[in-house]
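To start, the structure under review is shown below, and the notes come after it.
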Amino acid sequence: MTARCIMVLGTSSGAGKSWLATALCRHYANQGLRVAPFKAQNMSNNARVVAGIGGEEGEIGSAQYFQALAARAEPDVRMNPLLLKPEADTRSQVVLMGQASEALSRLPWRGRSERVWPRIAAALDALRAENDVVVIEGAGSPAEINLMASDVVNLRVARHAEARCLLVADIDRGGAFAHLYGTWALLPEADRARLHGFVLNKFRGDAALLAPAPEQLRELTGVPTVAVVPMRFGHGLPEEDGVFDDRPVLAPSPQGGGSQSTRIAIVAYPRISNLDEFQPLKNVPGVHLSWARSAAALAGADWIILPGSKATASDLAWLRARGMDAAIAAHAARGGRVLGICGGLQMLGEALVDVHGVEPEGSGPGLGLLPLVTRFAPRKTVRRSQVGFGTLGGAWAALSGVAFSGYEIHSGQTVQHPGMAAKGDTARVVLADLAWQNDAGHVLGVYLHGLFEDARVMRALFGSEGQPLDAVFESLAAQVQGAFAPQVLDKLAAPD
């Protein structure tokens with residue numbers, strides 16, 4: 001078997017490639033086809049732990065993880081063979097086939113292509129051999145002429161897979177027809193023939209006002225506009241590259257009056273990671289999430305969450321420079337809930353110790369809200385876990401005894417601070433080696449990501465799991481099916 005490959009390209013980042021690929025995965029799975037997602041190279045600090053090669057677990061970008069779930073397929077590292085995790089503005093950690101590679105991380109951007117391409121091609125070929133359809137997501141734009149010579153994610157993949165391509169533009173930003181035409185014009189002539197349709201995404205208004213532009217664009221390029229997808233806020237799928245907005249889009253608080261009952265502020269430091277794990281909170285009626293980049297933005301919050309970080313010490317320094325450390329301490333002193341996840345847990349401790357140079361900022365004091373110390377090590381912990389909380393007190397008591405599944409991606413190991421422990425000052429262990437709580441019970445640190453993606457946790461904390469992820473996939477598939485011209489999706493997946 002050699003799967004038909006359908007590739008979603010974009011005129012830019014943020015055009016809507018990820019969500020459209022996700023919707024297509026569910027659409028074709030609903031047709032009874034075996035479907036797998038694929039993105040050759042992803043740049044994101046949003047990652048998931050999935051099945052790897054030879055039984056070893058590894059990392060892929062979160063977008064491909066959700067696309068696999070939409071396709072009703074088991075996520076594995078072949079679906080995103082190359083993941084770049086930014087550690088600074090000019091440096092990324094390179095993860096190949098699920099495993100971080102120090103050697104590849106040191107290579108210049110253009111020097112990696114020929115080293116990684118054989119593994120990328122082999123992963124794609126393996127997925128094609130096992131499935132009826134592979135839905136491929138591009139990155140950025142295929143017309144980045146400064147990167148074409150070293151491309152391993154757009155045109156090179158399209159050629160290797162003989163993919164039928166869609167080109168997506170975000171019409172809400174304006175200039176969509178120019179973006180589509182300009183992208184087409186910059187493509188090599190042979191690659192233009194791979195374009196089977198233009199997609200106008202995030203449209204608001206009267207579709208009749210688009211005429212005569214789609215037909216004029218077809219006359220210029222020979223490519224039809226095959227779908228106009230309406231703008232939809234709150235579709236329920238996590239954003240891949242950016243934070244979500246704060247506008248309320250779901251049901252108001254069940255307590256009545258349309259007011260929000262729980263205000264949760266998430267500290268949005270520069271190297272925030274795994275921000276997508278908070279999407280389920282946004283799907284819960286009565287919860288309002290906001291991103292905080294200043295001390296003032298923390299005011300009035302019921303909860304403060306310190307999320308994961310790709311550069312814990314650097315993000316902690318950023319937080320301190322804005323006076324957010326004092327605001328978090330004041331919130332905790334008033335008995336407000338504080339939750340630290342992964343890097344956020346490390347920040348909550350007394351100290352960060354880095355003798356191996358893992359962190360650019362090196363060693364330093366933590367926020368001092370938990371009597372813990374974290375020691376960084378070069379080797380990362382990457383694994384999935386099925387665990388259960390022990391007994392928690394205070395504000396987090398509802399989680400006592402709750403079993404849940406999650407995943408770890410971190411370089412540090414956290415333990416009780418030895419000097420403080422010698423004086424009897426210890427944190428309450430609520431999950432061995434993975435979670436601790438302060439004596440008062442309102443500060444909780446957890447290494448495991450995915451807490452809010454487990455229905456058991458959500459029911460314990462909120463009495464509701466919000467919008468189930470499977471319902472999100474079905475809704476996306478229905479929206480895409482309604483937006484595309486008749487027979488287009490069937491023809492894309494049809495054999496030659």
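Residues are listed down the side, and each one gets a yes or a no for (1) part of a strand (DSSP E or B); (2) loosely packed, with under 15 Cβ neighbours inside 10 Å; (3) at pLDDT 95 or above:
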| site | (1), (2), (3) |
| --- | --- |
| 338 | yes, no, yes |
| 360 | no, yes, no |
| 373 | yes, no, yes |
| 379 | yes, yes, no |
| 410 | yes, no, no |
| 419 | no, yes, no |
| 425 | no, yes, no |
| 429 | yes, yes, yes |
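Within 28 Å of residue 315 (Cβ to Cβ), open to solvent by less than 20 Å² (accessible area, probe 1.4 Å) and of a type in the set (Gly, Ala, Ser), is that true of residue 63? Here the answer is yes, as residue 63 does meet what is asked. Is it the case, given these coordinates, that residue 2 is over 14 Å from the mean Cα position of the chain (by Cα) and under 30 Å from residue 270 (Cβ atoms)? Here the answer is no, as residue 2 does not meet what is asked. Residue pairs whose Cβ atoms lie under 6 Å apart, separated by 6 or more positions or on different chains, with the first residue in the range 332-355 and free of Cβ contacts under 8 Å to residues at least 60 places away in the same chain and the second in a loop (DSSP other than H, G, I, E, B) and open to solvent by 20 Å² or more (accessible area, probe 1.4 Å), are 347/367; 353/363; 354/363.
Here's the yes/no breakdown for (1) in contact with a Leu (Cβ under 8 Å, 6 or more places away or on another chain); (2) modelled with pLDDT of 95 or more:
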| residue | (1), (2) |
| --- | --- |
| 50 | no, yes |
| 56 | no, no |
| 72 | no, yes |
| 85 | no, no |
| 104 | yes, no |
| 123 | no, yes |
| 134 | yes, yes |
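Inspect the range 314-327 for any residue being open to solvent by 10 Å² or more (accessible area, probe 1.4 Å), touching a Phe, Trp or Tyr at 6+ places or on another chain (Cβ under 9 Å), touching a residue at least 12 places away in the same chain (Cβ under 8 Å) and part of a helix (DSSP H, G or I) and give the result as yes or no. Taking every residue of the range 314-327 in turn, at least one turns out to be open to solvent by 10 Å² or more (accessible area, probe 1.4 Å), touching a Phe, Trp or Tyr at 6+ places or on another chain (Cβ under 9 Å), touching a residue at least 12 places away in the same chain (Cβ under 8 Å) and part of a helix (DSSP H, G or I).
Looking only at residues in the range 148-170 that are open to solvent by 30 Å² or more (accessible area, probe 1.4 Å) and aliphatic (A, V, I, L, M), the one that is nearest to residue 15 (Cα to Cα) is 148. Checking every residue in the range 89-99 against the condition of being assigned to a strand (DSSP E or B), hydroxyl-bearing (Ser, Thr, Tyr) and surrounded by fewer than 24 Cβ atoms within 10 Å (Cβ to Cβ) gives at least one match.
When residues in the range 1-58 are screened for being open to solvent by less than 30 Å² (accessible area, probe 1.4 Å), assigned to a loop (DSSP other than H, G, I, E, B), in contact (Cβ under 8 Å) with a residue 60 or more places away in the chain and not β-branched (Val, Ile, Thr), 8 of them pass.
Within the range 117-164, track down each residue that is under 22 Å from residue 69 (Cβ atoms) and without any contact (Cβ under 8 Å) to a residue 40 or more places away in the chain. The answer is none; no residue qualifies.
The values are calculated or read from the model by the stated rules, or taken from the named source; none is laboratory data. For clarity, every value in this text was computed on a predicted model and none was experimentally measured. Because the Cβ atoms are built from the backbone with ideal geometry, glycine has one as well, and the counts that use them run over all protein chains shown. The accessibility values were calculated without ligands, DNA or RNA, using every heavy atom of the protein model including side chains. Shrake-Rupley method; radii C 1.70, N 1.55, O 1.52, S 1.80 Å.
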